[in-house]
Amino acid sequence: MADLSSQGIGRSVANAAAHAVQGVKGALGVGMTAKRQQLNEIAVQDNANTTLTTSSGVPITTVDDSLKAGERGPTLIEDFQFRDRMAHFDRERIPERVVHARGSAAHGYFQVYESLSDLTRAAPFQDPSKKTPVFVRLSTVQGSKGSADTVRDVRGFATKFYTDEGNWDLVGNNIPVFFIQDAVKFPDLVHALKPEPHNEIPQGQTAHDNFWDFVSLLPESTHMLMWIMSDRTIPRSFRMINGFGVHTFRLVNANGVSRFVKFHWRPVLGVHSFIWDEALKTAGRDPDYLRRDLWMSIEMGDFPEWELGIQVIEESEADKLPFDILDATKYIPEEIVPIRYIGKMTLNRNPDEFFPETEQAVFHPGHLIPGIDVSEDPLLQGRLFSYTDTAFHRVGTNFNELPINRPVCPVHNHQRGGFMRHTIVKGQANYHPNSLGGGCPALASASNGYVHYPAPVSGRKTSNRPGSFSDHFSQARMFYNSMTETEKGHILGAFSFELSKVSTIGIRQRMVDVLNKVDHDLAVKLADNLGVKAPETSEVESSTKVLGVAQSPALSIIKSNKYDTIRGRMVGIYIMPGYDSTVSELMGALTAAGAVPLTLSAKGGPVPDASGSSTTTPSFTFSASSSTQFDALFIPGGRKSVDALLENVPALVQIAEGFKHLKAIAAVNEGVEVVQRLNLMVKTAEDNSVTVDYGVITAKGVGTGMNGKLGKAAGMAAGAVSGATSKASIQPGGNAGGTSEWITKFIETIAKHKVWDREELASKIVI
Ligand code: HEM
């Protein structure tokens, strides 16, 4: 790998993988969905036979000098080639999205497990053999287009299904509830959370007075606040987030029977997050971290996958729920209505060009297809207006004609004109009814076309909010009570961080008093951290009740994860000249398990191993990388290598930082001395046994031909853990099946993602 900068390495790893993958794609036609074919028709690929032209097709002979009156000057206005280039350039930007401006997207497909025709006639849910093309954009909310990826924020999860009956957009978030109950409050919410208007500070975060002023005065936001102060808002990867439709929608079957539904995306890799300090540092060190992670995984053929789940509620049962199903600040616990997983989405192709695809994509919760309808949720109702309205402004009247937004099924209607109209409709009649056009296009029949579900409507016009929307604290408490002590600690830490950035003491106090209605202990500890008055008595009892269940383990990331795969995890391997054979042994095992081993060294050139017979060109240098890039760290043995590492402060700082960020760390043979040198206060291997303490795996006498005992030949390990996505393959088993015990233990620890019981110990390490 030639490119050694932390930015460039991602690109070079991705590019190498991309070339391999593209060969396969071309050969097999992988990803050749109807949408892919449609996009290919307008795609342009330059090659040796193409000539540079103006935008009106005139061949250009020079782009280096404008036309001038004499060599020294002035430039002539008649230089139409100059004007063509410059005038287009001057208009290259369009307004960024008013929210969710920063995002990345990918193409893929969705496939249902079995027909859901009893529930809905929606096209993607009928035939398990059918692949419906999708385009998915994952985003942050607060920051502008160029802001950092790993800031604390909700993540948008917008999916466009290109179905045979038109586009369906499921425009969700990675949190199942929202700040507000009625769309009319949305402009206030966004004004409050965006950078403050007088100085445009801060970028990409809600840690400022305006936001906390607003939400502390808006009790309905409390439940959402608990979620955004949890680890959900600092995800390790876009591939590791949930997606939620948030609102209640309707599924309608061919007989016109409607049921309420909530949509859930569940990542196959599990839900995983950063440690807060890690997220902060990554925002500075690699602001494109999540974007690159998504891009690279697809280029390397490790396709992100999510299962789609539904919670279905008979309309007649909805009134029996202990809250209003139309209230978007409420979540239906799985204990009350289980989630049925109905299909899987795979993202298998990156966009060819960011602007025409990702930037010009328009998602809209009102892009519905027959079989899916909206509910009366007043937040959703307002969104139905907002998204088309903003699309007309941001992208233009004919946004639906742009390739990325165009349906794969035919479009026929009487819409004409407007900026940037593409379609040329033949014929004279652009109205309905008509006889001059033979009455065309014909109206669809009720069984073919979209029929709005005839939901009954009653009552007087009013701007009052229903009483059934008035409980703002019970589910906030349920959420908090469902957390592990570790997660509760993180929520307290997040509130403390954010509110300590609020300079108005009254706002801090008000927020503490609000939280006293959720959990007294939380409010008291937060008050202490913020230097405001702690509430004397709890207000929980008078503010909350149990709405169905007191706790829902599914809400806790730690309790609900499966921990059965290390696919896609990055493992940093610290090598210096003279490293031992455990490097190749581990790399084989990690690769076979779907993880990505990446080597680091002091310099960029090839690093020889202890035998002198082979070399590794490191993926990174210590100075151009950081521990925050990796999920786990490995220090191999080899006397010379370890002696050099013990002198290398940037490498040592990285390893200590990885320890503080609760990452799995393995050190073997002489490499164990690095752990000892760092005073990490963990037990390390003293003899030829494997020691695991606080997620630090140490072993001596391992590897081929090193200080002792056997070890395993490099290739064998690879075979032993291949397919480590299944549970059995990551279970401990000594040397059974050819995998060295220390590797098995390391892989198991990586699969847990973080070593939570190290947290207190790690907080004592000074770096
Ligand atoms: C009344 C409440 C809301 C309003 C008025 C609103 C409005 C908007 C607007 C104007 C955009 C920018 C769209 C564009 O320029 O293309 C947007 C983007 C987005 N909104 Fe909302 N939003 C609301 C609530 C929500 C909720 C509850 C969710 C999640 C369920 C959500 C998810 C998203 C997502 C994912 C995007 C980014 C779409 C993309 O990737 O292009 N919004 N929203």
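The values are calculated or read from the model by the stated rules, or taken from the named source; none is laboratory data. This is a predicted model, so every value here is computed, not measured. Reconstructed Cβ throughout: ideal geometry from the backbone, glycine too, with neighbour counts over all protein chains shown. Accessible surface areas use protein heavy atoms only, side chains included; no ligands, DNA or RNA. Shrake-Rupley method; radii C 1.70, N 1.55, O 1.52, S 1.80 Å.
Distance distribution note for the chain: the fraction of Cα pairs above 37 angstrom is 48%. Would you work out if region 214-284 is rounded, prolate or oblate? Take a ≥ b ≥ c from the square roots of the eigenvalues of the alpha-carbon gyration tensor; rounded if a/c is under 1.5, else prolate when a/b is larger than b/c, oblate otherwise. In terms of gyration-tensor shape, oblate.
Note on Glu114/Leu76: beta-carbon distance plugged into 1/(1 + (r/R0)^6) with R0 of 56 Å gives a FRET efficiency of 0.20. If R0 is 45 Å, the Cβ-Cβ spacing of Ser689 and Ser500 corresponds to a FRET efficiency of close to 0.45. In region 103-401, Cα pairs under 8 Å separated by at least six residues give a relative contact order of 25 percent. Please work out the Cα center distance from region 108-126 to region 601-640, rounded to the nearest Å. Answer, in whole Å: 48. Here the extension length gained between Arg421 and Met681 equals 86.8 nm, from 0.36 nm per residue of separation less the Cα-Cα distance. The portion of the accessible surface of the chain made up by carbon and sulfur, rounded to a whole percent, is 54 (1.4 Å probe; DNA, RNA and ligands excluded). Each Lys and Arg adds +1 at its Cβ and each Asp and Glu adds -1 at its Cβ; summed about the Cα centre, the chain shows a dipole of about 660 debye. Per residue, region 443-539 exposes 54 Å² of solvent-accessible protein surface, assessed with a 1.4 angstrom probe and all protein chains in place.
Looking at region 336-407, none of the trypsin sites (Lys or Arg not before Pro) sits in a DSSP loop with at most 15 other Cβ atoms within 10 Å of its own Cβ. Projected label points at Val257 and Gln203, each 7 Å from Cα along the beta carbon direction, are separated by 5.5 nanometres. Secondary-structure-derived ellipticity at 222 nm for the chain, considering helices only, amounts to -8500 deg cm²/dmol, per-run term -39500 (n - 2.57) for DSSP H runs with n ≥ 4. Taking GluC sites (Glu not before Pro) across region 52-140, the ones in a DSSP loop with at most 11 further Cβ atoms lying within 10 angstrom of their Cβ are Glu71, Glu78, Glu92, Glu114.
Take every DSSP beta bridge whose two residues both sit in the chain; close to 75 percent of them are antiparallel.
Alpha-carbon geometry of region 103-401: the Rg and the Dmax are 18.7, 56 Å, given in that order. The count of lysine pairs in region 394-547 with alpha-carbon distances below 23 Å, taking only pairs 8 or more places apart or on different chains, stands at 13.
For region 88-155, applying the loop criterion from DSSP together with a ceiling of 14 other beta carbons within 10 Å to the chymotrypsin sites (Phe, Trp or Tyr not before Pro) yields Tyr113. Backbone N atoms of region 352-371 closer than 18 Å to the 7 Å Cα→Cβ label point of Ser445 belong to residues 370-371.
For Thr397, the residues 5 or more places off, or on other chains, whose built amide H falls under 5 Å of its own are Phe419. Rolling a 1.4 Å probe over the protein heavy atoms gives region 103-401 an accessible area of 30 Å² per residue. First measure r as the distance between the Cβ atoms of Ala43 and Glu760, then evaluate 1/(1 + (r/R0)^6) with R0 = 51 Å and state the FRET efficiency to the nearest 0.05. Computed FRET efficiency for Ala43 and Glu760: 0.40.
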